[in-house]
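Colleague: I'd like to ask you about the structure that follows.
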Amino acid sequence: MSKKRQQEMNKMSNESEKESLNFIEHIVEKHNESGRFNQKVLTRFPPEPNGFLHIGHAKAICVSFDLAQKYGGQTNLRFDDTNPSTEKTDFVEAIKKDIQWLGFEWEDRLFFTSDYFQQLYDYAVQLIKAGKAYVDFSSPETMDYEKRLGRESRFRDSSPALNEYLFEQMKTGRFPDGFCALRLKIDMNADNWLMRDPLIYRIKHESHHNTGNDWCVYPMYDWAHGLSDSIEGITHSLCSLEFEVHRELYDWCLEELGVYQPQQIEFSRLNMTYTITSKRKLKDLIASNIVEGWDDPRMPTISGMRRRGYPALAIKNFIRRAGVSKRDQYIDLSSLENCVRDALNQSAARVMAVLNPLKLIISNYPEDKVEQLSVINNPEDESMGARNVPFSRELYIEQEDFAIEPHKKWRRLAPGRDVRFKGAYILHCTGFKANDEGEVEEVYCTYYENSKSGQDESGIKAKGTLHWVSIAQAIPAEVRIYDRLFTDPSPDSHKESYRDENDKKRKRAVDYKTFINPDSLKVVNGYTEPSLVAEKIGQQFQFMRLGYFSVDKDSLPEHRVFNRVVALKDSWSKIQNRR
RNA sequence: UGGCCCAUGGUGUAAUUGGCAACACUACAGUUUUUGGUACUGUCAUUCUAGGUUCGAGUCCUGGUGGGCCAACCA
């Protein structure tokens, strides 16, 4: 009693006093107090258009957009397109669609790093003139070697005038790919290897998705990113932890040029159990036909989750619930699934569908009679109203809902049992017919005429409630039952020992494909109630007692296709497995 | 091997910046229920370790241990 009261007091004081801040918000508040930036928070989301966005990117999007929104600021969308070899306009469009679908707006602030190519080039010339950059003709192998030893390139001390000339020659296309490159002159003995004369421009005679053939020299990430942030006046440049060591170089470039300096802040990426987010491996899954494509409903891509039927709100809630920190997150997939159920429980209309049909005949129900029963659409939301569902003498029920010899906690149909049929009558099971193999083929019942839903005068207490469809009016449907793509919680991070040719013990990564779940997709042919006629692609429903399902893009009027978004929680299977 | 970062229940995040370790998810046990769903209630921690500073340490200091990242003409 006193403990409970104390908890309530704590809750109240927490709500009224101060919500907790993540570490980035703490930094922003400090900046606001000190006046580090004399402007509103401006963040950016900087994807490289070389693939589809996945759940990890969704976190980056939420973190940057949410932070800006919280402090009354804005967020730019900037495509970090400095590598023409991998980038495509198709990806630009797919990424824009995904961000919009998540519900974030960049308004008129859509940028491309490639829009700044001239400016970035001019900045590089500025550093060359200051003797802080040089054109290096060393091979990558040589420089790799020199770097390890902390030795300087023999081209390092050529004159600024010569370097300026050579860089211009690079730009005009005089040299072939890889012939030379532009390096920053920093410190070949720096503890941070990135500061050991990093390369900032390379030659690529390749067409760029945005600038076409205007350029044959392209800036590297470390040169382009900080400067783009600076040009746009970004205040807080949020990125993932692996860029931590880049911050020193980010700051160096901006300080040397004497330009406006944003604050880079790194946070940890999001990992999920039973999931892979390496772009390379996702591409590999597609290439090896394990999944259909980027938007396969089993993919952790935003487009995959959208097609599966995950609401955008569920994804955002999941990410916000997970929070932001610098520790490696490895979040349970079930946490995401829970957010999906949460959202859909509120928004999805309930309907009845039978996936593994078993024929049931009500012997005392008139053969030609069809009743239209009014069934409520969503007990969580009365405004969603009710619909009519036909009831007749012959029904389909779920095979799993009938047992010849039931478990002691069984509440469903079995010989001699009474069970409520959702929205209809209480039925009494009188018998069944089985084939030679002992498989049940038909179930026989009688109904209590005075037990009609809403006007039950039978006085019978039925323990269980079943879903059903009337056979004559049911609509056939292909239902795709999706499950997790991997059987192992961390398919990406297993190591195994082996002996090499010299019989030396070694370790190597286990191929993640070892853990592919062979049952990640099962297709069943089921039946839905006839109210599901004019639904839109992407619309979600709850198939009562089964789970949430969405209309797949493959669905046609004459061949409906549903995806299982996520199953309902199933405490029965736990009870059953206990013995 | 060098450098940087991280360490709080099964999982993730908090802790008014040195003052009774809280919230969400999972799991388990119940209550309600015409969905074995939802909702509701309850249970689950010597804050990685050893020492130090302090009236008082999850928080500060030192050493250790464990994990992650970097050493691409990728981002």
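Colleague: Determine whether A:Gln539 is of a type outside the set (A, V, I, L, M, F, W, C) and closer than 20 Å to A:Val340 by Cβ.
Modeller: Yes; evaluated as a whole, the condition is true for this residue.
Colleague: Output the qualifying pairs, or none if there are none: Cβ atoms under 6 angstrom, residues six or more apart or on different chains, first residue in segment A:314-335 and at positive phi, second residue more than 6 Å from RNA strand B (Cβ to nearest atom) and in a loop (DSSP other than H, G, I, E, B).
Modeller: none
Colleague: Now for a separate question. Can you find a residue that is more than 7 Å from RNA strand B (Cβ to nearest atom) and modelled with pLDDT of 85 or more anywhere in segment A:7-26?
Modeller: Filtering segment A:7-26 for residues more than 7 Å from RNA strand B (Cβ to nearest atom) gives A:8-9, A:12-13, A:15-16, A:19, A:24-25.
In the following step, the residues that additionally are modelled with pLDDT of 85 or more were identified as A:24-25.
Yes: one or more hits.
Colleague: I'd like to verify a number: residues in segment A:322-368 that are basic (Lys, Arg), within 11 Å of RNA strand B (Cβ to nearest atom) and not in a helix (DSSP H, G or I), how many? Walk me through it before giving the result.
Modeller: If we filter segment A:322-368 for residues that are basic (Lys, Arg), which is where we start, we get A:326-327, A:341, A:350, A:359.
Next cut, within 11 Å of RNA strand B (Cβ to nearest atom) only: A:326-327, A:341, A:350.
Filter once more, keeping what is not in a helix (DSSP H, G or I): A:326-327, A:350.
Total meeting the criteria: 3.
Colleague: Going through A:Ser85, A:Ser64, A:Ser2 one at a time, which residue ends up being modelled with pLDDT of 95 or more, among the small types (Gly, Ala, Ser) and within 14 Å of RNA strand B (Cβ to nearest atom)?
Modeller: Working: A:Ser64 fails: within 14 Å of RNA strand B (Cβ to nearest atom); A:Ser2 fails: modelled with pLDDT of 95 or more.
Criteria check complete, one pass: A:Ser85.
Colleague: Here's a check for you: in segment A:521-537, which residue that is in a loop (DSSP other than H, G, I, E, B) and surrounded by 15 or more Cβ atoms within 10 Å (Cβ to Cβ) is modelled with the lowest pLDDT?
Modeller: Result: A:Glu535.
Colleague: For segment A:386-455, please list each of the strands (runs of 3 or more DSSP E) lying entirely inside it that holds at least 2 residues being modelled with pLDDT of 95 or more and β-branched (Val, Ile, Thr).
Modeller: Passing ranges, in order: A:426-434, A:440-447.
Colleague: A further question on this structure: So which residues in segment A:350-372 are surrounded by fewer than 19 Cβ atoms within 10 Å (Cβ to Cβ) and within 34 Å of the chain's Cα centre (by Cα)?
Modeller: Selection gives A:Asn356 alone.
Colleague: In addition: If you take the residues of segment A:191-243 that are outside any loop (DSSP other than H, G, I, E, B), under 18 Å from A:Leu120 (Cβ atoms) and of a type in the set (S, T, N, Q), which of them is farthest from RNA strand B (Cβ to nearest atom)? Give the steps one after another, and end with the answer.
Modeller: Our first condition is that a residue be outside any loop (DSSP other than H, G, I, E, B); within segment A:191-243, this holds for A:193-195, A:199-203, A:208, A:212, A:217-219, A:221-232, A:236-243.
Retained after the next criterion (residues that are under 18 Å from A:Leu120 (Cβ atoms)): A:199-203, A:208, A:212, A:217-219, A:221-232, A:237.
Narrowing the set further to residues that are of a type in the set (S, T, N, Q) leaves A:228, A:230, A:237.
Numbers: A:Ser228: 10, A:Ser230: 16, A:Ser237: 13 Å.
Checked segment A:191-243; the qualifying residue farthest from RNA strand B (Cβ to nearest atom) is A:Ser230.
Colleague: Being surrounded by fewer than 22 Cβ atoms within 10 Å (Cβ to Cβ) and of a type in the set (Val, Ile, Thr) is the filter; apply it to segment A:119-144 and report the residue that is farthest from RNA strand B (Cβ to nearest atom).
Modeller: A:Val125
Colleague: Being in contact (Cβ under 8 Å) with a residue 24 or more places away in the chain, more than 14 Å from RNA strand B (Cβ to nearest atom), basic (Lys, Arg) and surrounded by fewer than 20 Cβ atoms within 10 Å (Cβ to Cβ) narrows it down to one residue among A:Arg156, A:Arg174, A:Arg151; which is it?
Modeller: Numbers: A:Arg174 fails: in contact (Cβ under 8 Å) with a residue 24 or more places away in the chain; A:Arg151 fails: more than 14 Å from RNA strand B (Cβ to nearest atom).
Going through A:Arg156, A:Arg174, A:Arg151 in turn, the sole match is A:Arg156.
Colleague: Could you tell me which of the residues A:Glu442, A:Glu400 is within 13 Å of RNA strand B (Cβ to nearest atom) and among the acidic types (Asp, Glu)?
Modeller: After ruling out the rest, the residue left standing is A:Glu400.
Colleague: Between a first residue in segment A:392-417 that is assigned by TED's automatic domain parsing to the domain that holds A:Ile362 and a second residue that is of a type in the set (Lys, Arg) and not in a strand (DSSP E or B), which pairs have beta carbons less than 6 Å apart while being 6 or more apart in sequence or on different chains?
Modeller: Cβ pairs passing all conditions: A:Asp401/A:Arg412; A:Arg411/A:Lys463.
Colleague: Pairs needed: first member in segment A:189-212, at positive phi; second member anywhere, charged (D, E, K, R) and more than 7 Å from RNA strand B (Cβ to nearest atom); C-beta distance under 6 Å; at least 6 residues apart or different chains.
Modeller: Filtered contacts from segment A:189-212: A:Asp197/A:Arg183.
Colleague: Go through segment A:188-238 and give me each residue that's modelled with pLDDT under 95, closer than 17 Å to A:Lys132 by Cβ and acidic (Asp, Glu).
Modeller: none
Colleague: If you don't mind, there's one more thing I want to ask. Which condition number in (1) modelled with pLDDT of 95 or more; (2) more than 11 Å from the chain's Cα centre (by Cα); (3) surrounded by fewer than 23 Cβ atoms within 10 Å (Cβ to Cβ) is the one that A:Thr273 fails?
Modeller: Checking A:Thr273 against (1) modelled with pLDDT of 95 or more; (2) more than 11 Å from the chain's Cα centre (by Cα); (3) surrounded by fewer than 23 Cβ atoms within 10 Å (Cβ to Cβ), the one that fails is (1).
Colleague: Here's something else I'd like to know. Does A:Ile475 qualify as being in the same structural domain as A:His407 (by TED's automatic domain parsing), closer than 21 Å to A:Val523 by Cα and either in contact (Cβ under 8 Å) with a residue 40 or more places away in the chain or within 10 Å of RNA strand B (Cβ to nearest atom) (or both)?
Modeller: yes
Colleague: Which of the residues that make up segment A:549-579 are near RNA strand B (Cβ under 9 Å from one of its atoms), closer than 29 Å to A:Glu394 by Cβ and either at pLDDT 95 or above or of a type outside the set (S, T, N, Q) (or both)?
Modeller: Scanning segment A:549-579 gives A:Leu568, A:Asp570, A:Trp572.
Colleague: Next question, about the same structure. Please find, among A:Phe52, A:Phe91, the residue that is among the aromatic types (Phe, Trp, Tyr), within 13 Å of RNA strand B (Cβ to nearest atom) and under 20 Å from the mean Cα position of the chain (by Cα). Give the steps one after another, and end with the answer.
Modeller: On the way: A:Phe52 fails: within 13 Å of RNA strand B (Cβ to nearest atom).
Sole residue among the options that is among the aromatic types (Phe, Trp, Tyr), within 13 Å of RNA strand B (Cβ to nearest atom) and under 20 Å from the mean Cα position of the chain (by Cα): A:Phe91.
Colleague: If a residue has to be without any contact (Cβ under 8 Å) to a residue 24 or more places away in the chain and loosely packed, with under 12 Cβ neighbours inside 10 Å to count, how many in segment A:21-46 make the cut?
Modeller: Residues meeting the conditions: 6.
Colleague: For the list (1) within 34 Å of the chain's Cα centre (by Cα); (2) outside any helix (DSSP H, G or I); (3) more than 12 Å from RNA strand B (Cβ to nearest atom), I need the number of the one condition that A:Ile265 fails.
Modeller: Unmet condition: (3).
Colleague: Next question, about the same structure. Being outside any loop (DSSP other than H, G, I, E, B), within 35 Å of the chain's Cα centre (by Cα) and within 10 Å of RNA strand B (Cβ to nearest atom) is the filter here, so list the residues in segment A:373-385 that pass it.
Modeller: Those that are outside any loop (DSSP other than H, G, I, E, B), within 35 Å of the chain's Cα centre (by Cα) and within 10 Å of RNA strand B (Cβ to nearest atom): A:Val375, A:Ile376.
Colleague: Scanning segment A:157-182 for residues that are outside any loop (DSSP other than H, G, I, E, B) and of a type in the set (A, V, I, L, M, F, W, C), which turns out farthest from A:Phe137 (Cα to Cα)?
Modeller: Per the criteria, the residue is A:Ala161.
Colleague: Then there's this: In segment A:524-579, how many residues are touching a Phe, Trp or Tyr at 6+ places or on another chain (Cβ under 7 Å) and more than 22 Å from A:Arg306 (Cβ to Cβ)?
Modeller: Looking only at that region, the number is 1.
Colleague: Still on this model: Restricted to segment A:509-520, and to residues that are farther than 23 Å from A:Ser573 by Cα and assigned to a loop (DSSP other than H, G, I, E, B), which residue is modelled with the highest pLDDT? First the steps, then the outcome.
Modeller: Step one: list which residues in segment A:509-520 are farther than 23 Å from A:Ser573 by Cα, which gives A:509-516.
Then drop every residue that is not assigned to a loop (DSSP other than H, G, I, E, B), which leaves A:510-511.
Values: A:Val510: 83, A:Asp511: 87.
Looking at the filtered set, the residue picked out is A:Asp511.
Colleague: Can I ask one more? Report, by residue number, each residue of segment A:52-106 that is acidic (Asp, Glu), touching a helix residue (DSSP H, G or I) at 6+ places or on another chain (Cβ under 9 Å) and either assigned to a helix (DSSP H, G or I) or within 29 Å of A:Tyr330 (Cβ to Cβ) (or both).
Modeller: Those that are acidic (Asp, Glu), touching a helix residue (DSSP H, G or I) at 6+ places or on another chain (Cβ under 9 Å) and either assigned to a helix (DSSP H, G or I) or within 29 Å of A:Tyr330 (Cβ to Cβ) (or both): A:Asp66, A:Asp80, A:Asp98.
The values are calculated or read from the model by the stated rules, or taken from the named source; none is laboratory data. Computed from a predicted structure; not experimentally measured. Counting neighbours? That spans all protein chains shown, and the Cβs are built from the backbone with ideal geometry, glycine included.
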